[in-house]
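Below you'll find the structure, written out as structure tokens, and then a few comments.
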Amino acid sequence: MGDSEGPIDVSRWVVFYPIYINSKKTLAEGRRISTSAGVENPNVEEIHDCCNYLKLPCLVEPHKAYSRDFMQRGRVRVQLKHEDGTLVNPAISSRKALMLKVAELVPKHQGRAKKQQESASTSGATAGAGKSGKSGKKKK
């Protein structure tokens, strides 16, 4: 086959659902790594960006659903090996290694850092407002 310029066959690429590294899910629900190594609620875009950072060819399939939970939409296909069997990135030799590396990188993702800053600033403001709203007369 070689370097022919045709459509890329992604059917041999590894399938990566966000639920595989979600620390909020159980093994029965589909988590594949330990909770300590996992990430809280990762999404497809974060996984895609991490795979790009690792210089692994990847493709987002947004309409595909996870079989155990059809409400979980989206998956990423990742190429770990070339046609001849050589590794694309020598540091990542298996699906498990890919999952662990992506789970390590997702918390450092720029979009996630912004979300955490926003939630920290808004939660502090609402916590104080909630306490002051309780004062007043009791209803009979």
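Do you know which of the residues in segment 30-48 that are within 12 Å of the chain's Cα centre (by Cα) and assigned to a loop (DSSP other than H, G, I, E, B) is surrounded by the fewest Cβ atoms within 10 Å (Cβ to Cβ)? The residue in question is E40. So is G74 in contact with a Lys or Arg (Cβ under 6 Å, 6 or more places away or on another chain) and either in contact (Cβ under 8 Å) with a residue 24 or more places away in the chain or surrounded by fewer than 13 Cβ atoms within 10 Å (Cβ to Cβ) (or both) or not? No.
Against the conditions (1) under 18 Å from D9 (Cα atoms); (2) over 16 Å from the mean Cα position of the chain (by Cα); (3) surrounded by 14 or more Cβ atoms within 10 Å (Cβ to Cβ), N89 satisfies every one except (1).
FYI, it's all coordinate maths here, none of it is from the lab. Given the structure is predicted, the values throughout are model-derived calculations rather than measurements. Neighbour counts run over all protein chains shown; Cβ positions are idealised from the backbone, glycine included.
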